[in-house]
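The values are calculated or read from the model by the stated rules, or taken from the named source; none is laboratory data. Model, not experiment: these values are computed from the prediction. With ideal geometry, Cβ positions are generated from the backbone for all residues, glycine too; neighbour counts draw on all protein chains shown. What goes into the accessible areas is simple: the full protein's heavy atoms, side chains included, and nothing from ligands, DNA or RNA. Shrake-Rupley method; radii C 1.70, N 1.55, O 1.52, S 1.80 Å.
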Amino acid sequence: MGFFKQTINTVPLEGKTVLVRADYNVPLKDDGTIADDFRIRASLPTIHKLLKDGCKVVIISHLGRPEGRDKKLTLLPVAQRLAQWLGEPVRFVDEVVGDKVKMAIKRAPKRSVTVLENLRFYPGEEANDPVFAKQLAADSGARYFVQDGFGVVHRAHASTSAITQELPSVAGLLLEREYTTITHAMKAPKRPLLAVLGGAKVSDKIEIIEAFVRVADTIVISGAMANTFLAHRGVKLGKSKVEEGVGDTIDAIYVAARKKLGREDVDDFLVLPRDLAVGGALTAEEPRREVALNEVGVDDMALDIGDKSIDDVVKLATEARTVIWNGTLGMAEYPNFAHGSARLALTLATHPDVTSIVGGGDTSDFVLNWDARGGESFSHVSTGGGAGLELMAGKKLPGVESLLDARR
Ligand code: 3PG
């Protein structure tokens with residue numbers, strides 16, 4: 001079955017001016033250069049296809065969360081990096097609406113790419129302002145709007161929502177791929193389906209934990225989130241990061257799990273670490289110490305799951321047919337505490353028979369850094385953070401819902 005929305009493959013775009021919303025919200029280094037251009041690379045298939053169709057491609061995106069115009073958050077370096085990947089010039093206009101934009105697009109030839117400035121320099125963007133959206137559509141001269149910024153479709157902003165009232169709006173290839181891969185894995189996965197959930201906070205992920213209790217065959221809870229589950233069970237965790245005030249939520253998750261399985265003991269379904277790797281300080285040099293759950297010292301911080309728990313996760317991942325991984329298993333930015341995440345990445349990369357879907361900003365960053373093949377070692381590395389979580393939780397995404405329905 002095809003995608004439920006129209007895409008750039010289902011409407012006649014040949015030779016037209018097309019306004020494309022990408023998500024070029026890329027991580028930046030302290031010196032302002034791009035730390036990771038995965039989101040730029042992920043946008044290339046759509047741009048290549050539009051160029052092949054002879055389109056005048058006008059790209060809009062946000063970068064960061066500026067309050068007004070902020071030259072540190074200009075999209076100019078993104079336009080330059082895009083030009084490197086495309087191997088052809090990319091025009092850049094330091095405005096999003098107005099005469100400068102109109103003139104630049106008018107002058108641009110067919111089969112060209114123009115990147116406009118950061119949408120969030122304009123208050124109308126986040127306000128989902130219809131007047132701003134109208135101007136955006138009119139000044140670009142576009143005949144179609146293409147939504148390809150999967151990472152931002154959970155936001156109802158002018159460039160994801162109001163713009164679709166102004167132009168016939170369809171999905172780009174990245175959006176289509178992300179949406180279909182993730183929804184297929186949630187609705188009709190090859191089983192067993194293993195969900196590996198990590199990251200810092202339970203409260204950020206309640207809805208996806210609930211969704212996985214419904215659809216997954218096993219759920220591994222790791223990262224700092226596991227600390228909170230363990231502390232709730234009375235494990236003494238010294239100075240580890242533990243989230244307060246989520247006891248009722250954890251209880252409700254266990255109630256749902258017991259109901260689903262029809263038994264009291266669900267520890268083989270909601271799998272917690274049975275040992276931990278601890279350190280005394282948050283530094284890259286801090287040595288890793290393996291401890292049992294009852295051996296965490298008063299000054300220790302749990303910074304990774306322990307070796308035995310890593311073996312458990314590896315075994316589960318090897319036996320699974322689908323693994324959805326969202327959230328690192330420990331403080332993966334420090335190599336001494338990246339053992340869990342690295343072993344899981346290695347397991348997935350060496351078991352191509354297991355469908356592996358990796359999502360969440362930190363987790364995607366980790367596997368992309370880890371993988372010499374730029375993410376190709378996994379079935380799918382998602383460009384989405386919050387958007388992926390909302391999609392997995394079964395929520396409707398405003399930036400997708402507002403696109404034209406596929407013809408049936
Ligand atoms: C993201 O990085 O998750 C998206 O680009 C959305 O960014 P936002 O959280 O600032 O809206």
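Table: residues versus (1) polar (S, T, N, Q); (2) assigned by TED's automatic domain parsing to the domain that holds ILE40; (3) modelled with pLDDT under 95; (4) more than 13 Å from the chain's Cα centre (by Cα).
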| residue | (1), (2), (3), (4) |
| --- | --- |
| THR350 | yes, no, no, yes |
| GLY359 | no, no, yes, no |
| SER364 | yes, no, yes, no |
| VAL367 | no, no, no, no |
| GLY386 | no, no, yes, no |
| LEU403 | no, no, no, yes |
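Any residue in segment 368-386 that is within 16 Å of the ligand (Cβ to nearest atom), of a type in the set (D, E, K, R) and surrounded by fewer than 19 Cβ atoms within 10 Å (Cβ to Cβ)? No: zero hits. In segment 287-344, counting only strands (runs of 3 or more DSSP E) that sit wholly within it, the ones holding 1 or more residues that are under 25 Å from GLY386 (Cα atoms) and aromatic (Phe, Trp, Tyr) span 322-326.
Could we say that ALA284 is in contact (Cβ under 8 Å) with a residue 24 or more places away in the chain, aliphatic (A, V, I, L, M), closer than 30 Å to THR183 by Cβ and open to solvent by 20 Å² or more (accessible area, probe 1.4 Å) here? The answer is no for ALA284.
Taken together, the residues in segment 87-129 that are outside any helix (DSSP H, G or I), more than 27 Å from the chain's Cα centre (by Cα) and of a type in the set (A, V, I, L, M) amount to 3.
With respect to the conditions (1) away from the ligand (no atom under 16 Å from the Cβ); (2) closer than 20 Å to SER382 by Cα, VAL18 falls short on a single one, namely (2). Only one of the listed residues (ASP405, ASP365) is over 22 Å from PHE212 (Cα atoms), within 12 Å of the ligand (Cβ to nearest atom) and open to solvent by 20 Å² or more (accessible area, probe 1.4 Å). That residue is ASP365.
Restricting segment 296-330 to residues that are open to solvent by 50 Å² or more (accessible area, probe 1.4 Å) and in contact with a strand residue (DSSP E or B) (Cβ under 9 Å, 6 or more places away or on another chain), the residue that is nearest to THR383 (Cα to Cα) is ARG321. Listed conditions (1) within 16 Å of the ligand (Cβ to nearest atom); (2) touching a residue at least 60 places away in the same chain (Cβ under 8 Å) are all met by GLU67, apart from (2). The sole residue among THR181, THR160 that is away from the ligand (no atom under 16 Å from the Cβ) and in contact (Cβ under 8 Å) with a residue 40 or more places away in the chain is THR181. Quick check: is even one residue across segment 219-231 open to solvent by 10 Å² or more (accessible area, probe 1.4 Å) and in contact with a helix residue (DSSP H, G or I) (Cβ under 7 Å, 6 or more places away or on another chain)? Among the residues of segment 219-231, not one is open to solvent by 10 Å² or more (accessible area, probe 1.4 Å) and in contact with a helix residue (DSSP H, G or I) (Cβ under 7 Å, 6 or more places away or on another chain), which makes the answer no.
Within segment 233-270, which residues are exposed (fewer than 14 other Cβ atoms within 10 Å of the Cβ), not in a helix (DSSP H, G or I) and not small (Gly, Ala, Ser)? Once the filter is applied, which keeps residues that are exposed (fewer than 14 other Cβ atoms within 10 Å of the Cβ), not in a helix (DSSP H, G or I) and not small (Gly, Ala, Ser), segment 233-270 yields ARG233, GLU244, ARG263, GLU264, ASP265, ASP267, ASP268. All told, GLY399 meets the bar of being at pLDDT 95 or above, assigned to a helix (DSSP H, G or I) and either surrounded by 21 or more Cβ atoms within 10 Å (Cβ to Cβ) or within 14 Å of the ligand (Cβ to nearest atom) (or both).
LEU344 meets each of the listed conditions (1) open to solvent by less than 30 Å² (accessible area, probe 1.4 Å); (2) farther than 15 Å from VAL196 by Cα apart from (2). Number of residues in segment 55-100 that are among the small types (Gly, Ala, Ser) and buried (at least 20 other Cβ atoms within 10 Å of the Cβ): the value is 2. Return yes when ALA277 is assigned to a helix (DSSP H, G or I) and in contact with a His (Cβ under 9 Å, 6 or more places away or on another chain) and no when it is not. Judged against the criteria, ALA277 is not a match. Does LYS396 qualify as being within 30 Å of LEU167 (Cα to Cα) and not acidic (Asp, Glu)? Here the answer is yes, as LYS396 does meet what is asked.
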